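What follows is a set of notes on a single structure, which appears directly below.
The values are calculated or read from the model by the stated rules, or taken from the named source; none is laboratory data. On a predicted model such as this, the values are computed, not experimentally measured, just so you know. Note that each Cβ is placed from the backbone with ideal geometry, even for glycine, and that neighbours are counted across all protein chains shown.
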There are 2 protein chains.
Amino acid sequence: MARFKKITIIGVGLIGGSIGLAVRKRRLAREVVGVFRRESTLKKALKCNAVDKATIFIEGGVKGADLIIVASPVHSIPKIVKTAAKYAKEGAIITDAGSTKAWIVGSVEKSLRKGRIHFVGSHPMAGSEHAGVEYARADLFEKAPCIVTKTAATDRTSLNRVIKFWSSLGAIVKVMSPAAHDRSVSLISHLPHIVAFGLAGSVPLKELQYAAEGFKDTTRVASSDPELWADIFLTNRREILKAGRFFEEYYKGILKAISKGDHSKTVNFLKRAKSKRDALTYGKESV
Amino acid sequence: MARFKKITIIGVGLIGGSIGLAVRKRRLAREVVGVFRRESTLKKALKCNAVDKATIFIEGGVKGADLIIVASPVHSIPKIVKTAAKYAKEGAIITDAGSTKAWIVGSVEKSLRKGRIHFVGSHPMAGSEHAGVEYARADLFEKAPCIVTKTAATDRTSLNRVIKFWSSLGAIVKVMSPAAHDRSVSLISHLPHIVAFGLAGSVPLKELQYAAEGFKDTTRVASSDPELWADIFLTNRREILKAGRFFEEYYKGILKAISKGDHSKTVNFLKRAKSKRDALTYGKESV
């Protein structure tokens, strides 16, 4: 169990709010402080007990905290980490919850003076198509993968504390480099989102009335926040374009087999895809 | 309420079994007979009370039925309809539950002698990634779209009885031509399935461990039966290839905006997609 005196969460939306709820439920900190950009969100977060205390000032919010978690939109994270580091006490650990890592970790490591404050990149892979603290849940991270990044500059003690922290929230933690993280999420998260946006965006409006469960599931994440996801996509461009080529090759292979009327080749493509998808549900490759 | 003396279901899997359960629950027929290809499925169907009586012989199964529903895989439907028509009583109505319509309805209309037996094409748009009568549910068709096809050869009285039949099961029935049906489902069902198969198939196995809810939802239908879907895809080739071009244009538009680092263009693509997807959940276009 990772225990802290004071945990400060900067950006208390779905993810930040869920961290607050989970920390408070599991009593992992004596005090949980939320730092907000808007008064309206601050009030909502207090109403759903996501944090003990709330402020709109980073300076006061991070004062004396031993763990600071930046859960704001990706593009804002490096700047916020820099500001938080300025006012944090010596030896404080700062982590984040951003969905891309190479850009964030790289920017932060360039800007942070080494030694006084320790930064460790994190990406809890939980969430939903809903944004906002009103959707926060204390169990959001239970059994969810959480990637924690390690670089040559990462302080080993802080790394272990961050790993323990996410494990305490129920997450299954994996440690990898920021580059390996960005490659994984481009394949498993970013590209699937782009494909879902592509499907939802290209369907003529009048056809929507015939949409059944298959379409709804396949496009569910296209209801996600456009600003938030544009941010994520734009900070992981190279890997996303690579992941796109993987997908396109398989997708076009299926279409080609169909257009040729090749039954066994079509079945073969679908079987290979099904065996991977079934592995996710049933825990092993089933074909 | 549409009432029948005897309803015969040929092919009692998820769809056929759910029809049986729903008809029996709502007492829409005095007798529900199931026709099976395999003894093992026959026993399973009787065990879950999907039908009153079961047989492996079409000839006896359809004898005296006033409604015959063919719920077998797409490629088998025209032949089965032809055989069923041969043994059905004069004036019997035959419908199906196939996921493509132009090929099925076209084939059937060519083979059926006009007047004695009436065929009306149907496509109840319900189901799941699971196949088999053990997943059948009496409420499967409630609020699900069901498309019933109308052509120059369609008998109007039979068309109305088939419409009433699906409505009685709780479905929201729409009447359209087989060609219009095939276009709609290519966009709203077939292509989303191909995209899901493409995503699941192209992800390297070792990355699957990081899959969160987004990936799971987006690829859920890739667990569907490969034979069944190859069948569907191959009987709707032209429309699927057209739907593919719609999707690819939007998808590539997003990727291009991302690769150029164009934030506002990326957001704009995502917003338009989100507004359509939100319309599905909240009942209107929300942007």
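Worth pointing out:
- Qualifying residue in the stretch B:99-112 (condition: in contact with a Gly (Cβ under 7 Å, 6 or more places away or on another chain) and without any contact (Cβ under 8 Å) to a residue 60 or more places away in the chain): no
- Qualifying residue in the stretch A:173-188 (condition: out of contact with any Cys (no Cβ under 8 Å at 6 or more places or on another chain), of a type in the set (A, V, I, L, M) and under 30 Å from A:R27 (Cα atoms)): yes
Here's the yes/no breakdown for (1) modelled with pLDDT of 95 or more; (2) touching a Cys at 6+ places or on another chain (Cβ under 9 Å); (3) within 8 Å of chain B (Cβ to nearest Cβ); (4) closer than 16 Å to B:K216 by Cβ:
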position: A:F197; (1), (2), (3), (4): yes, no, yes, no
position: A:S224; (1), (2), (3), (4): no, no, yes, yes
position: A:L228; (1), (2), (3), (4): no, no, no, no
position: A:Y250; (1), (2), (3), (4): yes, no, yes, no
position: A:L280; (1), (2), (3), (4): no, no, yes, yes
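- One residue from A:R245, A:R237 being of a type in the set (K, R) and facing another protein chain (nearest Cβ under 7 Å): A:R237
- Hits in the stretch B:110-127 (condition: farther than 16 Å from B:I188 by Cβ and either in a loop (DSSP other than H, G, I, E, B) or not assigned by TED's automatic domain parsing to the domain that holds B:I172 (or both)): B:L112, B:R113, B:K114, B:G115, B:R116, B:I117, B:G121
- Qualifying residue in the stretch B:46-64 (condition: over 19 Å from the mean Cα position of the chain (by Cα), buried (at least 23 other Cβ atoms within 10 Å of the Cβ), assigned to a helix (DSSP H, G or I) and β-branched (V, I, T)): yes
- Qualifying residue in the stretch B:252-260 (condition: at the interface with chain A (Cβ under 7 Å from one of its Cβ atoms), farther than 17 Å from A:K252 by Cβ and free of Cβ contacts under 8 Å to residues at least 12 places away in the same chain): yes
- Residue within the stretch B:203-212 that is under 30 Å from the mean Cα position of the chain (by Cα) and of a type in the set (G, A, S) present: yes
- The stretch B:113-162, subset in contact (Cβ under 8 Å) with a residue 60 or more places away in the chain and of a type in the set (K, R), residue farthest from the other protein chains (Cβ to nearest Cβ): B:R161
- Candidates are the residues of the stretch A:119-155 that are of a type in the set (S, T, N, Q) and modelled with pLDDT of 95 or more; the one that is nearest to A:P78 (Cα to Cα) is A:S122.
- The stretch A:141-197 - residue that is of a type in the set (V, I, T), outside the structural domain of A:A29 (by TED's automatic domain parsing) and under 16 Å from A:G127 (Cα atoms) and, of those, farthest from the chain's Cα centre (by Cα): A:I188
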